[in-house]
Structure formats: C-alpha cells, structure tokens
Amino acid sequence: MKSWDKDGVRTRLREMAAQDRRLERFGASTHRYESAPALPEAEIRAFEESHGINLPPEYRSFVAQVGNGPAGPGHGLMPLTLPRPDDGEEWAVDDEWNEDRLPGRLAAPFPLNEPLPGRVAASADELTFGTLMLAEEGCGSYIRLILNGPRAGEVWRIDPDWGGFVPAAPGFHTWYSQWLQCP
C-alpha cells in the first residue's frame, strides 16, 4: 500500500488554491481546496464495524492521515462518517450519501464482475451495492469505491445515462493523486 504524505498533500492543496483564486476549476467552488481534519482511528473502526466492512487500505489511510474531505476530484470528497456541513440544500449527492449508509448496503456484494459501459439499463441503485460514493461529478455521475469482492479497492465512475459503470482508477491513491497533479 502506498502511504500518504499529509504535509505534501496539504501543500499541494494550498498551491492549487493559489493558482485558482477565482475557483474556476470544476468543483473548486464547492470544496474550495480545503481539507477537513483526519478521522480518529476509533471513529473509522466504529464506522467499519457498524457497516460490517473493512475500508480499502488506501482510502482508510487517507481519512486517517490526511483528512475526511472535502478537497478532491469532482465537487470534492464526501465525508465518511457525518453528512457534509451543507446537507439539506436539495443536492442529490446527499441522498446518495444517505443511501450508502442504509443497513447492509455497504457490506452487500458488489454486483458486477466486469465494467458496464454505455447507457445503463438497470437501476443505478441496484448496481451500487458494496460501493461507497466518494464524489459527485455532476448530472447524476458519481465516483464510487468498490468495497468487496475481486474488485475491492478499485475506483469506478457511474454515469447511467452515457458512460455506464466503469473503472476510473485502480485504487484510491492513484485516483486522488492524479487529481492533485492536474494543473
């Protein structure tokens, strides 16, 4: 597992914010390049136990060492344990976040063995069992972390209308690091 350089990530976020003072980069006006504090180990463990899961190590170490969102790809990382501070503003991402936390949903088997490109005929809700929503990209497109099965740890993008449900990165570290490296 690749480790995180908390200070390096936070330095890069400050650089990105300085380069985008007008918050013109996609999603920047939502996350503002700000990082929430990391979560205590006990809080992460309690979340895992309450949902009957083990978070993939790359993501788990991020929320434990770097922060619990929001600076990140799309409109930013969703927090793990508590709703985002602006919850209740009629944003669909909050419904996705709440649905992920329904009993048994995260621990359920991930239903796909292979990517599902193109328009998705099945209900997106049926396809996201065993995944955790990481970020919203707009227009019903979400980034999800696979939690169990042979694809555990992979990051997938679900765009039911156009792009299907397909891999976006082999793991959280790669996905987040690619965003950090963008100009």
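Consider segment 13-37 and keep the residues that are touching a residue at least 12 places away in the same chain (Cβ under 8 Å) and acidic (Asp, Glu). The one that is most open to solvent (accessible area, probe 1.4 Å) is Glu34.
Give me a count of the residues in segment 98-134 that are free of Cβ contacts under 8 Å to residues at least 12 places away in the same chain and among the acidic types (Asp, Glu). Selection size over segment 98-134: 1.
Looking at (1) modelled with pLDDT of 95 or more; (2) at positive phi; (3) open to solvent by 30 Å² or more (accessible area, probe 1.4 Å), which one does Gly140 not meet, given that it meets all the others? The single condition Gly140 does not satisfy is (1).
Conditions tested, residue by residue: (1) part of a helix (DSSP H, G or I); (2) at pLDDT 95 or above.
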{"residue": "Arg22", "(1), (2)": "no, yes"}
{"residue": "Ser29", "(1), (2)": "yes, no"}
{"residue": "Ser61", "(1), (2)": "yes, yes"}
{"residue": "Ala64", "(1), (2)": "yes, yes"}
{"residue": "His75", "(1), (2)": "no, no"}
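Residue-wise test of (1) open to solvent by 30 Å² or more (accessible area, probe 1.4 Å); (2) in a strand (DSSP E or B); (3) closer than 17 Å to Phe47 by Cβ.
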{"residue": "Pro83", "(1), (2), (3)": "yes, no, yes"}
{"residue": "Asp95", "(1), (2), (3)": "yes, no, no"}
{"residue": "Phe110", "(1), (2), (3)": "no, no, no"}
{"residue": "Ala122", "(1), (2), (3)": "yes, no, no"}
{"residue": "Phe129", "(1), (2), (3)": "yes, no, no"}
{"residue": "Ile158", "(1), (2), (3)": "no, yes, no"}
{"residue": "Val166", "(1), (2), (3)": "yes, yes, no"}
{"residue": "Ser177", "(1), (2), (3)": "no, no, no"}
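Within segment 40-59, the set of residues being closer than 21 Å to Thr174 by Cα, open to solvent by less than 40 Å² (accessible area, probe 1.4 Å) and not in a helix (DSSP H, G or I) comprises Leu55, Pro56.
Which one is modelled with the highest pLDDT among residues in segment 96-130 that are closer than 22 Å to Thr81 by Cβ and polar (S, T, N, Q)? Among residues in segment 96-130 that are closer than 22 Å to Thr81 by Cβ and polar (S, T, N, Q), the one modelled with the highest pLDDT is Thr128.
The values are calculated or read from the model by the stated rules, or taken from the named source; none is laboratory data. Model, not experiment: these values are computed from the prediction. Because the Cβ atoms are built from the backbone with ideal geometry, glycine has one as well, and the counts that use them run over all protein chains shown. All accessible areas refer to the heavy atoms of the entire protein, side chains included, with ligands and DNA or RNA removed. Shrake-Rupley method; radii C 1.70, N 1.55, O 1.52, S 1.80 Å.
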